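Peer 1: There's a structure below that I have some questions on.
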Amino acid sequence: MRFKSKILPKKGSSLRSFAVFSLAAIIGIGFFLMKEGEVLSYMSDNPQACVNCHVMTPVYNSWMHSSHREWVSCNGCHVPQNNVVNAYYFKAMDGLYHASIFTARAEPEVIFMREGSQEVVQNNCIRCHVQQVTQTKYDGFIEGHKENRTERQCWSCHKEVPHGRIHGMSTVKYNIAPLPTDQEETVIPAWLEKEMATK
């Protein structure tokens with residue numbers, strides 16, 4: 001009750017109804033923006049959530065044509081995998097940063113990972129590819145084998161994995177974003193479905 005009395009003017013005050021209306025409007029606009037921004041989709045592991053921002057279309061399409069698509073989604077590489085709390089905290093902080101940059105139209109021509117994101121991706125590369133990175137059979141005759149593979153960023157050599165060689169906003173016009181479809185609803189035309197049933 002004390003909290004309510006600090007926000008709203010006293011009952012009977014001429015400003016009370018204005019304050020209640022303003023507060024309701026702010027909350028309503030907040031919920032509207034959350035729905036329009038498809039905020040809940042970011043809680044999932046669905047890679048199509050990343051394409052809610054048109055800036056991510058070329059990145060999504062390059063991942064769709066990579067070998068990583070068969071094994072890992074966007075979150076598998078770009079979100080910490082050590083625990084659920086850390087994963088959602090990182091998603092929230094990174095998402096707020098992305099939302100503010102994209103809303104202000106301040107995104108760079110070519111998107112690069114920030115330092116925190118680089119650390120997360122590097123740890124996830126090593127987590128999945130630990131056998132290739134730490135093969136002990138090479139330690140005896142290749143000097144510094146393990147250190148050479150774990151102390152530098154994987155993409156210093158593997159530059160095209162998994163997002164290809166063409167990056168930047170200028171590629172957006174050549175990319176078509178996938179439209180979210182209702183997975184329950186069939187996309188097969190009726191005439192084709194009829195033809196398939198007869199064979």
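Peer 1: Quick one: what does P(r) look like for the range 47-178 with 5 Å bins over all Cα pairs, in whole %?
Peer 2: Values per bin, smallest distances first: 2, 9, 17, 21, 20, 14, 8, 5, 3, 1, 0.
Peer 1: Can you give the log10 of the normalised intensity I(q)/I(0) at q = 0.17, 0.18 Å⁻¹, computed with Debye over equal Cα scatterers of the range 1-62?
Peer 2: For the range 1-62, the Cα-only Debye profile gives -0.69, -0.72.
Peer 1: Would you mind calculating the gained length between Val133 and Ala25 on full extension (0.36 nm times residue separation, minus the Cα-Cα distance), in nm to one decimal? Can you show the working numbers first?
Peer 2: Values: separation 108, 0.36 × 108 = 38.88 nm, distance 5.46 nm.
Net length gain for the segment: 33.4 nm.
Peer 1: In percent, what relative contact order does the chain have, based on Cα pairs under 8 Å that are 6 or more apart in sequence? Write down the numbers at each step before the final one.
Peer 2: On the way: 111 pairs, mean separation 49.3, N = 199.
That works out to 25 percent.
Peer 1: Listed highest first by mean packing, meaning other Cβ atoms within 10 Å per residue, what order do 47-53, 83-89 come in?
Peer 2: Values: 47-53: 19.3, 83-89: 12.0.
By packing density, highest mean first, the sequence is 47-53, 83-89.
Peer 1: Which of the trypsin sites (Lys or Arg not before Pro) found in the range 1-53 are loop residues per DSSP with 15 or fewer other Cβ atoms within 10 Å of their Cβ? Each step should come with its number before you reach the end.
Peer 2: Details: sites: Arg2, Lys4, Lys6, Lys10, Lys11, Arg16, Lys35; in loops: Lys10, Lys11.
Listed in order of number, the matching sites are Lys10, Lys11.
Peer 1: Then there's this: Choose one of Trp155, Ala92, Ser44: the residue whose Cα lies farthest towards the positive end of the charge dipole of the chain (beta-carbon charges +1 Lys, Arg; -1 Asp, Glu; about the Cα centre).
Peer 2: The Cα lying farthest towards the positive end belongs to Ala92.
Peer 1: If you don't mind, another one. With a 10 Å cut-off between alpha carbons and a GNM built on the chain, which of Gly76, Gly28, Gly116 moves the most?
Peer 2: Judging by the Gaussian network model, the answer is Gly28.
Peer 1: A follow-up question, please. For a quick check, take a GNM of the chain with Cα springs below 10 Å and name the residue from Ser66, Ser100, Ser17 with the largest mean-square fluctuation.
Peer 2: Sorting by GNM fluctuation, first place goes to Ser17.
Peer 1: Quick one: length gained pulling Glu115 to Lys91 fully straight, 0.36 nm per residue minus the C-alpha distance? Don't skip to the end; give the middle numbers.
Peer 2: Values: separation 24, 0.36 × 24 = 8.64 nm, distance 1.48 nm.
Extending this stretch completely gives an extra 7.2 nm.
Every read-out reported here was derived from the displayed coordinates using simple, explicitly stated rules and does not represent laboratory data. This is a predicted model, so every value here is computed, not measured. Using ideal geometry, Cβ is built from the backbone for each residue, glycine included, and neighbour counts are taken over all protein chains shown.
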